[in-house]
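Below is one structure; the comments refer to it alone.
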Amino acid sequence: MSQLLQIENFTLGFPGRPPLLDSVSLQVDDGEAVALVGESGSGKSLTTRAALGLFPGGSEFSGTVSVQGLDTLTAGKQRLMELRRGHASMIFQDPRAGINPVRTVGDFLTETLVRFDGLTRSEATERAVKQLEQVGLRRAKELMDQHPHQLSGGMLQRVMIAAALLNSPDLLLCDEPTTALDVTTQAGIVRLLREEQQSRGMGMLFITHDLNLAASLCERVYVLRRGEVVEHGPTRTVFLTPQQDYTRQLVEATPVIEVGGLGAPVAAGSPLLQVSGLTKTYQLPRGDVITALDDAGFSLPEGGSLGVVGESGSGKSTLARLVVALETATSGELTLRGVPRPHRPLRASERKVLAKEVQIVFQDPYLSLDPRIPVGNAVADVFRLHQKQGRKEAKDSARDLLARVGIGPERFDARPRALSGGQRQRVALAKALAARPRLLVLDEATSALDVSVQAQVLDLVEELRDQFGLTILFVTHDLAVVSRICSELIVMHQGRIVEQGPTARILEDPGDDYTRNLIASRPRPLWDAEPVTA
Amino acid sequence: MTLAIQLPQTGLRRYGSLLSPMAWGALAVAAAVVLLSLFAPVLAPYDPDYVDLNNVLAGPSGQHLLGTDALGRDLLSRLMHGGRTSLLGPTIVVIGSTVLGLLLGLVAGWSEGWLGKVLGRVFDLLFAFPALLMAMLAIALFGKGLFAPILAMTIAYVPYVARLAQSLVVAERSRPYVQAYRVLGFRTPWVVLGRVLPNLIPTVGAQSTLNFGYVLADLAALSFIGLGVQPPTSDWGAMIEESRGALLGGYILPAFWPALVVVMVVVAVNVIGEELSDRIGGKLS
């Protein structure tokens, strides 16, 4: 086997600052799938881009990065363009960002073939259609005339893969190509990438933050942390017997479905939240009606924990927003501690009463805190409003509560932007808890966090649940996360509840086809005998 | 997940240490003009209205640094005193239109129902009227002087601020942090005035800075056509108008100085405004 991509002692940084990449060495051979895993800011993308000769402006670098003997650090523009056109392709995380929205899929695919490879338009079209069929897209001919907005994210990512494969590259670089996709869609894309890589004998460098995904696709893995390779080797060896502490932490933090070892107690208290026939429809300007939530019904006992799992568009977030009264139901009943919810926006006084019953923590820790308000004051404001405390007393209460969620007094006057994602999510939790709610809704509250941070925040949620006697409604796309936190589970698909019951039962013996598909779509390591089925 | 999120910064902190040398220069020019005008009664070498018919249309000299006009009045003194009226007008207009525009924009942006739509149309309607035309209309109603143009200009510039504020509020309203306030049970006036409004001020402030320059030029133009400040009160626009006769006689300076000052201030204010909106816009995108 010959060396395809060879990175040696590659260091990159900005003058006067610590390096972003520090002596990274990495190698991909012909026909080999290699994973590059690490958390955000570890330098995964920088490393991969260097292989195409893409460097951030104003950066300084040293070492060697060579693709098929071409050193991209020193190569001229012309050589780099030839490399990108003919030998190495890249697939990015967000397919929609990489395609011109006003031109058709056909224009996008045939442009380079006509301009640089001297094909006629009809030859190029023929080749593009063939390529689209090969990546598993049906009705490829019609697809050529469609615009990007007419395609789903998964279909568009297949188009991007087709575009990347058009020139039969020897090296395929994938930068989190499935992170923006649903699990069931991801499973299809991963299978496609694996097939293409194997049948073409391409070398592939696959960047991901998801260890499970890396294990399901790649034979070898490099673990990157703060710009340094901490460990590398065969995927199985690295993940099953990690040598470095960091790798071990990462493996342990990666959520897996834990059936049986459920920490969540099964609650049998009186019902806190009762929902029946709950429906939410939206009227579109053109007269179309979208049913975001269709006839949902369930009951959540006091002290219980209910997970709501589904993919994008399943209606899970609509359900969460209805529970906290950010949306008004079209029909159906929602009763919280015996109080029925009116089918109209709440009055200010009603909202204040409701605030002591239910609180929510949102997904994005970067947007869910007021950027201008120091975090201590943000929490103190809630104490002043709900616990009728004076300025000084509220500050003391806020300090205590922040300490309980792991934010020390030295951060009391910090603004949100000075905090990390995990710290912000802790502050968001403290803000919600300051109202002393009985029910806490977590809307993908850990999805934007790195795995190690996610694990810590989940630990905190469990701890706080016990301390405050909270009832939990956890909305997420991640089955592994709910299997850990929730004793009861609801599976949603296209606005409907397709299955509900005890988490352990659903995970072990799913009764619905969609649930089975969802569970089967979770990436499985290559060394697992079980084939990936979807 | 590797989501690269550029954090939008809100609040006055955005202004911190963000000026280029060009903007610093502009700021220095603006500050110098403001200070010279403000302290004109102390600093000006002559009484601006003192007529010296023995010394008309004199060129710059040790006695009269910038020369004299057709009535022998000291041009430097008139410029300094004129700044007081010429800068006062735009200041009142900018403060008035900013306060009114912010309030209307907040209401328009926050109300999802008919009120927001109606206000939006009203802003559109006001946009359609040129500010100068409204000012002339007001002058026809209330008479010449400073009051009518200032009132008209204030109304004319409200939609520039209100439209911007409205679009910012609509964006801000759907942000999770605002929704979190709602779920926490905070009252809407507290959230809107206490939390959302301060986050808009830097962006709106940049727009209002730009408005200052336009208003200054508009008011000078009104004075030039004789509808604004009336003689003998010194005003840059009025000074240019008074110098028309001298200009035809070949004496440029009496018209040149006030014109130069107007241009300098407008350019300086625009540079500062552009800089602020670029910086803030850049950080928002």
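The values are calculated or read from the model by the stated rules, or taken from the named source; none is laboratory data. This is a predicted model, so every value here is computed, not measured. So basically every Cβ, Gly included, is an ideal-geometry build from the backbone, and we count neighbours across all protein chains shown. For accessibility, only protein heavy atoms count, side chains too; no ligands or nucleic acids. Shrake-Rupley method; radii C 1.70, N 1.55, O 1.52, S 1.80 Å.
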Worksheet, complete the sentence: Listed by first then second residue, the pairs whose first member lies in region A:165-181 and is closer than 14 Å to A:Leu4 by Cβ and touching a residue at least 40 places away in the same chain (Cβ under 8 Å), whose partner is open to solvent by 10 Å² or more (accessible area, probe 1.4 Å) and in a strand (DSSP E or B), with beta carbons under 6 Å and at least 6 positions apart or on separate chains, are A:Pro169/A:Ser89; A:Leu172/A:Ser89; A:Leu173/A:Met90
Practice prompt. Check region A:411-420 and report whether any residue there is within 23 Å of A:Ser317 (Cβ to Cβ) and either in a loop (DSSP other than H, G, I, E, B) or not hydrophobic (A, V, I, L, M, F, W, C) (or both).
Written response: yes
Worksheet item: List, please: which pairs have Cβ atoms under 8 Å, are six or more places apart or on different chains, and start with a residue in region A:220-236 that is outside the structural domain of A:Asp22 (by TED's automatic domain parsing) and of a type in the set (A, V, I, L, M) and end with one that is crowded, with 18+ Cβ neighbours inside 10 Å and part of a loop (DSSP other than H, G, I, E, B)?
Response: none
Response to the item:
Quick count over region A:99-135, residues being under 19 Å from A:Ala180 (Cβ atoms) and buried (at least 16 other Cβ atoms within 10 Å of the Cβ), is 4
Worksheet item: In region B:47-75, what residues are touching a residue at least 60 places away in the same chain (Cβ under 8 Å) and hydrophobic (A, V, I, L, M, F, W, C)?
Response: B:Leu57, B:Leu66, B:Ala70, B:Leu75
Practice prompt. Consider A:Arg496 carefully, then state whether it is open to solvent by 10 Å² or more (accessible area, probe 1.4 Å), within 13 Å of chain B (Cβ to nearest Cβ) and touching a residue at least 40 places away in the same chain (Cβ under 8 Å).
Written response: no
Item to complete: Among the numbered conditions (1) over 21 Å from the mean Cα position of the chain (by Cα); (2) hydrophobic (A, V, I, L, M, F, W, C); (3) surrounded by fewer than 18 Cβ atoms within 10 Å (Cβ to Cβ); (4) assigned to a helix (DSSP H, G or I), tell me where A:Trp527 comes up short.
Response: (4)
Item to complete: Go over the candidates A:Val475, A:Val481, A:Val457 one by one and state the one that is modelled with pLDDT under 90 and within 28 Å of A:Arg404 (Cα to Cα).
Response: A:Val481
Worksheet entry | Qualifying strands (runs of 3 or more DSSP E) (wholly inside region A:1-93; at least 2 residues being under 22 Å from A:Ala164 (Cα atoms) and open to solvent by 10 Å² or more (accessible area, probe 1.4 Å)) | A:3-13, A:21-29, A:88-91
Worksheet item: Of A:Phe468, A:Phe474, which residue is in the same structural domain as A:Glu302 (by TED's automatic domain parsing), over 13 Å from A:Thr184 (Cβ atoms) and crowded, with 21+ Cβ neighbours inside 10 Å?
Response: A:Phe474
Worksheet item: Could you list, in sequence order, the residues of region B:219-275 that are assigned to a loop (DSSP other than H, G, I, E, B) and among the aromatic types (Phe, Trp, Tyr)?
Response: B:Tyr251
Worksheet, complete the sentence: The strands (runs of 3 or more DSSP E) lying entirely within region A:285-352 that contain at least 3 residues which are under 23 Å from the mean Cα position of the chain (by Cα) are A:305-309
Practice prompt. Collect the residues in region B:14-39 that are modelled with pLDDT under 90, assigned to a helix (DSSP H, G or I) and surrounded by 14 or more Cβ atoms within 10 Å (Cβ to Cβ), keeping them in residue-number order.
Written response: B:Arg14, B:Tyr15, B:Ala23
Discussion item. Among the listed residues B:Gly185, B:Gly194, identify the single one that is open to solvent by less than 10 Å² (accessible area, probe 1.4 Å) and either of a type in the set (D, E, K, R) or within 14 Å of another protein chain (Cβ to nearest Cβ) (or both).
Written reply: B:Gly185
Worksheet item: Any residue at all in region A:435-454 that is in contact with a Leu (Cβ under 7 Å, 6 or more places away or on another chain), modelled with pLDDT of 90 or more and assigned to a helix (DSSP H, G or I)?
Response: no
Worksheet item: Can you find a residue in region B:200-221 that is over 21 Å from the mean Cα position of the chain (by Cα), surrounded by 17 or more Cβ atoms within 10 Å (Cβ to Cβ) and either more than 14 Å from chain A (Cβ to nearest Cβ) or more than 19 Å from B:Val93 (Cα to Cα) (or both)?
Response: no
Worksheet item: Filtering region A:480-493 down to residues that are open to solvent by less than 20 Å² (accessible area, probe 1.4 Å) and farther than 20 Å from A:Thr318 by Cβ, which residue is farthest from the chain's Cα centre (by Cα)?
Response: A:Ser487
Item to complete: Determine the pairs where a residue that is more than 7 Å from chain B (Cβ to nearest Cβ), located within region A:344-373, has a partner that is of a type in the set (Lys, Arg) and open to solvent by less than 40 Å² (accessible area, probe 1.4 Å) with Cβ atoms under 7 Å apart, the partner being 6 or more residues away or on another chain.
Response: A:Pro365/A:Arg424
Discussion item. Looking only at region A:387-400, count every residue that is within 14 Å of chain B (Cβ to nearest Cβ) and open to solvent by less than 40 Å² (accessible area, probe 1.4 Å) and tell me the total.
Written reply: 2
Worksheet item: Quick one: which of A:Arg337, A:Arg384 is within 14 Å of chain B (Cβ to nearest Cβ) and surrounded by fewer than 20 Cβ atoms within 10 Å (Cβ to Cβ)?
Response: A:Arg384
